[in-house]
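The next block holds one structure in the form of structure tokens; read it before the comments.
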Amino acid sequence: MKKLTHLNEQGRAKMVDISEKQETVRTAHAISSILVSKEVYEKITSSQVKKGDVLSVAQVAGIMAAKRTADIIPMCHPIALKAVDIQFEWKCDENKYELMIHSFVKTKGSTGVEMEALTAASVCALTVYDMCKAIDKGMVIGQTYLMEKTGGKSGDFRREL
């Protein structure tokens, strides 16, 4: 039976010891999305949301969230991030308006940045919701997932879509 790494000898939570792990360049790309109404889409893309530039604010919120991941996810190590980038892509047809959120995080260290990338993408979607909820509370935050990660002992990962 495989030993759980986040439990101590008493069966209680602990932060994993990464002091012996090799420092490598580590990256992660996570994706989240939010479905919005046509009205929300039009107001975001024409900069008519009363709270301000939705995507700029969401982008800053995502970067801040990546930097603070260890503050909200109990067993995450604080990481000195080397880069965080958030990119947006609209996927629209006549009846569907979906904002795809891509977060890219990079460090050189002893542990990966998957949680930072996932947190960044999630907080971006939540920020879009917050800024647009006065227009439509029916928005739906979609699946959030790791698309790719590189570096570390477990090697590289790439989701096949």
Checked against a 31 Å limit on the C-alpha separation, the offending pairs among 91/133; 14/82; 14/133; 50/149; 14/106 are 14/133; 50/149
Partner aspartates and glutamates whose C-alpha sits under 16 Å from that of residue 137, ignoring same-chain residues fewer than 8 away, are 39, 42, 98
With residue 110 itself left out, Lys, Arg at +1 and Asp, Glu at -1 over residues whose Cβ is under 12 Å from its Cβ give +1
With the 8 Å Cα cutoff and a minimum separation of six or more residues, the chain has a relative contact order in percent of 36
Once both label points are put 7 Å beyond Cα along the C-beta direction, the residue 160-residue 21 separation in nm becomes 2.7
In the neighbourhood of residue 133 defined by beta carbon distances under 15 Å, the net charge of the other residues (Lys, Arg +1; Asp, Glu -1) is +1
Sorting 155, 66, 13 by the position of each Cα along the dipole of the chain (Lys, Arg +1; Asp, Glu -1; all at Cβ), the one nearest the positive end of that ordering is 13
Cβ density ranking, 10 Å radius, fewest first, applied to 72, 34, 135 yields 72, 135, 34
With label points set 7 Å from each Cα along the Cα-to-Cβ direction at residue 37 and residue 7, the distance between them in nm comes to 4.8
Calculated from DSSP helices alone, with each H run of at least 4 adding -39500 (n - 2.57) and the total divided by the residues of the chain, [θ]222 nm to the nearest 500 comes to -8500 deg cm²/dmol
Of all GluC sites (Glu not before Pro) in the stretch 1-101, the ones in DSSP coil with at most 15 other Cβ atoms within 10 Å are 9, 20, 23, 94
Two pseudo-spin positions, 7 Å from Cα along C-beta at residue 143 and at residue 45, lie apart in nanometres by 2.4
Exposure proxy check on 15, 100, 131: fewest-to-most Cβ neighbours within 10 Å is 15, 100, 131
Summing +1 per Lys or Arg and -1 per Asp or Glu among the other residues with Cβ less than 15 Å from residue 81's Cβ gives +2
Final fewest-first order of 77, 102, 6 on the 10 Å Cβ neighbour count is 6, 77, 102
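Values quoted throughout were computed directly from the atomic coordinates according to the rules given, and no laboratory measurement underlies them. These numbers were taken from a predicted model, which means no experiment stands behind them. Neighbour counts are summed over all protein chains in view; Cβ atoms, including those assigned to glycine, are modelled from backbone coordinates with ideal geometry.
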